[in-house]
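To keep things clear, I will list the structure first and then write my remarks on it.
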Amino acid sequence: MSSAGAPRSLASSGQKSIQDICHPLSAEESALNPGSAGLILPNGTPVDTSSPASSSSLLNRLQLDDDLDGETRDLFVTVEDPKKHVSTMETYITYRVCTKTTRTEFDLPEYSVRRRYQDFDWLRNKLEESQPTHLIPPLPEKFVMKGVVDRFSEEFVETRRKALDKFLKRVADHPVLSFNEHFNAFLSAKDLNKRQGLALLTKMGESVKYVTGGYKLRARPAEFAAMGDYLDLFTQKMGTIDRIAQRIIKEQSEFLMELREYGPVYSSWSSFEEDLHDPLEGVSGCMSNCSSALEELTEDMSENFLPVLREYVLYIESMKNVLKKRDQVQAEYETKLEAVVFREDKKTAVPSDVEKCQDRVECFNADLKADWDRWENNKRQDFRQLLTGMADKNIQHYEKFSIIEVSMLLKLLRHPQNQKEINNIKPI
């Protein structure tokens, strides 16, 4: 178990309650499925929403759902084995990316390549360029505050590894992104040609920037406006929870430091109090056990709870960017449509151009809706597992404290002086 003190270095190789926020598509779903409160996983497996006997049983059920989903997969990706590289020019971390697949797009069934953070960043940029209508999963933040976080510490590297692993898994599970040629190259190529196309914009981006310059979108369709409103409220809630969670961790860490100094005082005291030696040593031992239990709880919040919150804060920004792109495409369509209406009497209309632009808007809308549904499913499962896991950790933590308190009480009662007083108590 790691200490809450100095981080260990890595081995080197050379305002509204959240339940009141309405799901933007809930009305549509209710109409399609009247009276149905059940949840459906991406693989079509129904999820029983009845209350489980315990949070652990729910976690087991979620794990079973993951196993069922795995039966339909043909691409498995993991990020592991971080290594620190030191050269005369720079120091950086690489991660081993392992791939197993049965897809014919790959020449081999298994690959193992090493990638650094900037390679993951290159992949995400390429996905955004080549798949502008889709929601690209977020990467963990690239920059950290020097002097506050050691980006080469074991804790930081492991947290980043988990985030990069989740990023690749989300891309691999996507029905469109997982077939992207840049994703294929990232998983299989020994060397990435990252310079190619970095200075180029997509044709869609160029045309939208040219056509919609200074044009104000009339109005978002109601369903996409509802998405934007939901994201704004969700951002507020995530920000509030993140700030409170960080404050709790800070206060727990400060209390932990005091607790570690508190226990040895009793141990030192016991050395010159012969009659109280055993009870004082017992209290010291209990303080040590309390410190260990609190450290475990604090680490769980830092390593498992906060990263999920931060991922979804970044996910919200990604979703807002896709909504903005959709608005730009719609603005382009409205601009061309107005031009056709204006030139109708002059017989200079280009309806085919307008139709193509309309097709792009419809394509964008369909892709965004599909990715929104997928994001909602992932969010529902992630937060279920996160919150039930946190509840279990807190239950285990306070159960340990109860055992510690009973143990300390028994040691006090077993002291000879206390035993004598207990024996002298006369029944009423």
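Structural remarks
- Taken residue by residue, the stretch 234-251 has at least one member that is at pLDDT 80 or above and over 30 Å from M319 (Cα atoms).
- Residue pairs whose Cβ atoms lie under 6 Å apart, separated by 6 or more positions or on different chains, with the first residue in the stretch 379-407 and modelled with pLDDT of 85 or more and the second charged (D, E, K, R), are K393/D300.
- Residue list for the stretch 267-282, restricted to those being part of a helix (DSSP H, G or I) and open to solvent by 20 Å² or more (accessible area, probe 1.4 Å): S267, S268, W269, H277, D278, E281
- Taken over the stretch 226-251, residues that are open to solvent by less than 40 Å² (accessible area, probe 1.4 Å) and among the basic types (K, R) amount to 1.
- Yes/no for E254 being under 39 Å from the mean Cα position of the chain (by Cα), surrounded by fewer than 16 Cβ atoms within 10 Å (Cβ to Cβ) and either closer than 30 Å to R384 by Cβ or small (G, A, S) (or both): no
- Qualifying residue in the stretch 125-133 (condition: crowded, with 20+ Cβ neighbours inside 10 Å, part of a helix (DSSP H, G or I) and modelled with pLDDT of 85 or more): yes
- S352 being open to solvent by 30 Å² or more (accessible area, probe 1.4 Å) and modelled with pLDDT under 85: yes
- Residue in the stretch 158-167 that is among the β-branched types (V, I, T), modelled with pLDDT under 90 and not in a helix (DSSP H, G or I) present: no
- Tally, over the stretch 92-115, of residues that are acidic (D, E) and within 27 Å of V157 (Cα to Cα): 1
- Filter pass, N365 being open to solvent by less than 40 Å² (accessible area, probe 1.4 Å) and polar (S, T, N, Q): yes
- Residues satisfying the stated conditions in the stretch 171-185, i.e. open to solvent by 40 Å² or more (accessible area, probe 1.4 Å) and under 16 Å from the mean Cα position of the chain (by Cα): D173
- Hey, A199 modelled with pLDDT under 90, exposed (fewer than 12 other Cβ atoms within 10 Å of the Cβ), within 22 Å of W375 (Cα to Cα) and among the aliphatic types (A, V, I, L, M) or not: no
- Residue within the stretch 205-215 that is assigned to a helix (DSSP H, G or I), modelled with pLDDT of 90 or more and touching a helix residue (DSSP H, G or I) at 6+ places or on another chain (Cβ under 6 Å) present: no
- Matching residues in the stretch 74-120 - criterion: being in a strand (DSSP E or B), of a type in the set (V, I, T) and farther than 20 Å from S178 by Cβ: V86, T91, I93, T94
The values are calculated or read from the model by the stated rules, or taken from the named source; none is laboratory data. None of these values were measured; they are calculated from a predicted model. Here the Cβ is made from the backbone with ideal geometry for all residues, glycine too, and neighbour counts use every protein chain on show. In case anyone asks, the SASA skips ligands and DNA or RNA and just uses the protein heavy atoms, side chains included. Shrake-Rupley method; radii C 1.70, N 1.55, O 1.52, S 1.80 Å.
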